[in-house]
Structures are given as C-alpha cells and as structure tokens.
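What follows is a short report on a single structure.
The values are calculated or read from the model by the stated rules, or taken from the named source; none is laboratory data. All values derive from a computational prediction rather than experimental measurement. When we count neighbours, we look across all protein chains shown, and the Cβ atoms used for this are built from the backbone with ideal geometry, even at glycine.
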Amino acid sequence: MRPPVSNPERPFRTLNSAEAMAALGASIAQGLRRGEAVCLWGPLGAGKSTLARGLVRALTTQGEEVPSTTFTLVQHYEGRIAVAHFDLYRLKRPEEAYELGLDEALDAGAAVIEWPERLEGALPADRLDVEIAIPDDGEGRLVRLTGHGGWVGRGL
C-alpha cells in the first residue's frame, strides 16, 4: 500500500544493501525533531526494520541493541531525543496505536512507525513518509521520501 499523499513526481532512489538502508535511517535521524514521526511503508521483507534500527542507533548514545517490535509492538529508547519504535502490523483497529501510546510518544519525543497504513488516515501531521519497494529482480530496494508538515522543505 502507498502512503495516502504520495508524491509521484519525486523519484525513487536505489539502495543496494542493508547497510545503505541503515545509513539512510541514520541520516533521517539527524533531522528528526520532537513531535515528528517517520512512517515506513512497504511490503514484508522490504527493509523497514533495518531502516528503523539505523535511525534508533543514530539517536542513542550507546549504539543500543534494537530488537524486533513485531511481538512487543512498541519499544522506547532514550537519546538525543526520545524515540518510540512502533510495529503496527498485528493491530486490528487504528485506535490500538493510540492505546499503545503513540500520542504520548510524540509529545515526549518522536516515533518511527512500521505499517502506518493500520492507522487508516489518522497519520501524524508532522511526518516523513518513507516508501520502500522491492524491484522485480529482488535486487536492492527503491526508496522515496515525502515530507509533510514540519518535514516539508528540509532537503530530503
């Protein structure tokens, strides 16, 4: 599924390795501000968790271990700013994300959201949409960044 306000004019860039995906996450972390979200869109196996790990590691001072959120649904980290990593794949209703503390996470710091389509239109206004696609040959990943709210005009 594509983000609801995708920017088809913005080209995809190609990333050829998991390391490049993690480096993109670290780069995004440098511009992340309190109250903002990074929404990761893409199919299973696209590299959403790899990007999220790169982002979280860049924000934390000890190169923190970043476990999968598939079963815990949310992990919280302290660093330059507090960041909560949400995996909404198993949610049944959009309200469940807010029951997990999405609003509180944005008030306290920032959020990285995997499977944001589960929010069904209740996306944070200040967000960076990261679309990740798997090419037909399965080699590398195609990534497109689209900023909303405070992310607009930041030279993505």
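Things to note:
- Selection from segment 23-49 of residues that are out of contact with any strand residue (DSSP E or B) (no Cβ under 6 Å at 6 or more places or on another chain) and surrounded by fewer than 21 Cβ atoms within 10 Å (Cβ to Cβ): Ala23, Ala26, Ser27, Gln30, Gly31, Arg33, Gly35, Pro43, Leu44, Gly45
- Qualifying positions in segment 11-61 - over 18 Å from Glu114 (Cβ atoms), part of a strand (DSSP E or B) and of a type outside the set (Ser, Thr, Tyr): Arg13
- Filtered residues of segment 118-150 (kept if charged (D, E, K, R), buried (at least 17 other Cβ atoms within 10 Å of the Cβ) and not in a strand (DSSP E or B)): Arg118, Asp126
- Matching residues, segment 90-131, being touching an Asp or Glu at 6+ places or on another chain (Cβ under 7 Å) and among the aromatic types (Phe, Trp, Tyr): Trp115
- Cβ pairs under 8 Å, 6+ apart, first in segment 87-100 and modelled with pLDDT under 85, second assigned to a loop (DSSP other than H, G, I, E, B) and buried (at least 16 other Cβ atoms within 10 Å of the Cβ): Ala97/Leu88; Ala97/Leu91
- Hits in segment 79-117 (condition: surrounded by 14 or more Cβ atoms within 10 Å (Cβ to Cβ), of a type in the set (D, E, K, R) and in a loop (DSSP other than H, G, I, E, B)): Arg80
- Residues that are surrounded by 13 or more Cβ atoms within 10 Å (Cβ to Cβ) and either modelled with pLDDT of 85 or more or more than 27 Å from Asp103 (Cβ to Cβ) (or both) within segment 2-12 comprise Arg10, Phe12, listed in sequence order.
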